[in-house]
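Reviewing the structure listed below.
Every read-out reported here was derived from the displayed coordinates using simple, explicitly stated rules and does not represent laboratory data. Model, not experiment: these values are computed from the prediction. Please note: Cβ atoms are built from the backbone with ideal geometry, for glycine as well, and neighbour counts cover all protein chains shown.
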Amino acid sequence: MSDEVKNPSNVIHLNDSLITTSRYKEKETISGDGGGGGMSDLPRRVGVLETKMDKVQETLSSIQVILAKIEIKLENNVATKDDLMSVRHDLSKDILGTKADISYLKGRVERLPTTGTVVGIVTIVSAILGGLIKLFH
């Protein structure tokens, strides 16, 4: 038999099976969480737990403050679905207006004289001016 089973303080009888508790006590001792000991040690262990709970409460309070700040930033800076739908609607109207403007400009550009037409007009005007100059000289 091992030393653990020989020492009755480390043995628990459960359904006719022997279970040693030394490995659990080692974990408690290593972690420093105030474990171990019996009922006589209970006030100290409760005190340790109360101290730790105070620290947990402080941490929780600071997390709540941080979350509140994040919520405020999100409320002020994040677009909602309705906001995005409004922007989408405005952009759609702007795009349709731009398309109409482009169509209007295309129509106007199509009615502008081509290079050939301008050359023809300049040639005709030059001929007329040349004829008038000969006539009055």
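Couple of notes before you dig in:
- Dipole axis of segment 38-78 (+1 Lys, Arg; -1 Asp, Glu on Cβ), positive-most option in Ile66, Gly38, Val48: Gly38
- For Tyr104, the shell of other residues with beta-carbons less than 13 Å away shows a net charge of +2, using +1 for Lys and Arg and -1 for Asp and Glu.
- Each semi-axis of the equivalent ellipsoid for segment 96-136 is √(5λ) with λ an eigenvalue of the Cα gyration tensor; in descending order they amount to 39, 8, 4 Å.
- Simple spin-label estimate for Lys73 and Val48 in nanometres, 7 Å along Cα-Cβ: 3.9 nm
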